Amino acid sequence: MDIAQTSSGKTHRDENFPVASFLIAPRHRAPILAFYDFVRAADDIADHPTLSAQEKLDLLDALDAALIGEAEEDAEVAHRLRETCRERRLDPQHARDLILAFKRDVTQSRYRDWDDLIDYCRYSAMPVGRFVCDLHGENPGRVWPANDALCAALQIINHLQDCGKDYRNLDRVYLPQDALAAHGA
């Protein structure tokens, strides 16, 4: 199976948050959509219902390699984001950090404690906001701390919203195990 075949069919219009909304300057919408499409492809791989863990990891590695121009086959979403990063002089590291988070989704289904969960958010949520901040030319030292806190909070809210579905469909529990144990769960 190749990367394109893993698509869930979900698009930015299916999210429970606005992606590249009219509030974003028009010149930034296409780069945000390129980033979203890349991340959506990676998420679809990590959550694919029939792929083995190794197949998922291999496809995520291939997507990462395509992003940095080192793949034998170039995935369209990776090519588009790579070109966007080149044109806008953006580092693709934020997308690569998300690949690490999706690999963690494949290999880790529980989070020991709050620190473990926040470390996951460092790769699964914070890079999204950092990309948007960088795209807008913001000073990382000035905006990343607030971005990171907001993105982690939104990620955890999303985990709470989806906790039943994530457990039933993916056997993933993002609620810290020590907190669950402290409350008898």
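Only one entry of L90, L81 meets the criterion of being aliphatic (A, V, I, L, M), touching a Leu at 6+ places or on another chain (Cβ under 7 Å) and outside any helix (DSSP H, G or I), and that entry is L90. Does A71 satisfy being part of a helix (DSSP H, G or I) and of a type in the set (G, A, S)? So A71 fails the test.
Does Y111 meet the test of being touching a residue at least 40 places away in the same chain (Cβ under 8 Å), surrounded by 17 or more Cβ atoms within 10 Å (Cβ to Cβ) and among the aromatic types (F, W, Y)? Against the criterion (touching a residue at least 40 places away in the same chain (Cβ under 8 Å), surrounded by 17 or more Cβ atoms within 10 Å (Cβ to Cβ) and among the aromatic types (F, W, Y)), Y111 qualifies. Looking only at residues of the range 145-156 that are hydrophobic (A, V, I, L, M, F, W, C) and buried (at least 17 other Cβ atoms within 10 Å of the Cβ), we find that the one that is nearest to I24 (Cα to Cα) is C151. Residues that are exposed (fewer than 14 other Cβ atoms within 10 Å of the Cβ), more than 19 Å from A41 (Cβ to Cβ), small (G, A, S) and out of contact with any Phe, Trp or Tyr (no Cβ under 6 Å at 6 or more places or on another chain) occur in the range 133-144; there is at least one.
For every residue, the table says whether it meets (1) in contact (Cβ under 8 Å) with a residue 12 or more places away in the chain; (2) under 28 Å from A78 (Cα atoms); (3) of a type in the set (G, A, S); (4) not in a helix (DSSP H, G or I).
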site: L98; (1), (2), (3), (4): yes, yes, no, no
site: D134; (1), (2), (3), (4): yes, yes, no, no
site: R142; (1), (2), (3), (4): no, no, no, no
site: A153; (1), (2), (3), (4): no, yes, yes, no
site: A185; (1), (2), (3), (4): no, no, yes, yes
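Of all residues in the range 98-108, none are hydroxyl-bearing (S, T, Y), surrounded by 18 or more Cβ atoms within 10 Å (Cβ to Cβ) and closer than 21 Å to P176 by Cα.
Every condition in (1) touching a Leu at 6+ places or on another chain (Cβ under 8 Å); (2) more than 24 Å from D162 (Cα to Cα) holds for E138 except the one numbered (1).
Checked across the range 48-63, the condition of being within 25 Å of L160 (Cα to Cα), among the aliphatic types (A, V, I, L, M), without any contact (Cβ under 8 Å) to a residue 60 or more places away in the chain and not in a loop (DSSP other than H, G, I, E, B) holds for at least one residue.
None of the figures in this text is laboratory data; all of them are computed from the coordinates on show. Just so we're clear, the structure is a prediction, and the values are computed from it rather than from any experiment. Neighbour counts are summed over all protein chains in view; Cβ atoms, including those assigned to glycine, are modelled from backbone coordinates with ideal geometry.
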